[in-house]
Amino acid sequence: MLSRARAGDQQELGRLFEACRSYLSVMARAQMENWMQAKVDASDIVQDTLLEAHRDFSRFQGATAAEWLAWLRGILTNNAADVVRKFRGTEKRQTRREVSIRSRGDDSSTGGVLELADSIETPSVQIMRKERELQVADAILQLDADYQRVIILRNLQRLPFDQVAEQMGRSRPAVQMLWMRAIRKLQEALATND
């Protein structure tokens, strides 16, 4: 799909971007801190990312699916950082409510189930893993909102259960049970898609 899009096939280009929408949505939600979610929707960051990537598609230098997803994640990370800067600048008087964004390392680090593997993988293994990451992102977005949120907070943002409970306004045992049910539902959704 990537090579056909680079050859100028506009339909393939559209399919390529559409195939990555769920993946970017999960990545955007994983990068957004709790305070940001009240101010901006993850879909806005995804839309800006897709528009920017479409505009600059001719500048993409990679050749693999891994490079393509890393390029998109880089754009998404920059857009999320722009949103943070914008809102931090407009709310200087409410600093007590702000939460710092954790360092994410390089752009390839996403954490949890979607983390990139070592560079020693064969190209075919990398392709299969990338396809699986897209399937996982689609499956997460099919879950109920609470299940999505607990998976994103626990598995993608890697927060301890105490912090997940605090952010969700629930007790730690309730969040742990919710997380276990969410993981079970995610596994079921992935099994049906296989």
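Every number here is computed from the coordinates shown, using simple stated rules; none is lab data. What you see is a predicted model; the values in this text were computed from it and never measured. Glycine gets a Cβ as well: all are built from the backbone with ideal geometry, and neighbour counts include every protein chain shown.
Key figures
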{"read-out": "Residue that is surrounded by the fewest Cβ atoms within 10 Å (Cβ to Cβ), among those in segment 140-167 that are under 13 Å from the mean Cα position of the chain (by Cα) and within 16 Å of T192 (Cβ to Cβ)", "value": "L141"}
{"read-out": "Enumeration of residues in segment 48-82 that are within 16 Å of the chain's Cα centre (by Cα) and β-branched (V, I, T)", "value": "T49, I75, T77"}
{"read-out": "Number of positions in segment 49-62 that are of a type in the set (G, A, S) and in contact (Cβ under 8 Å) with a residue 12 or more places away in the chain", "value": "1"}
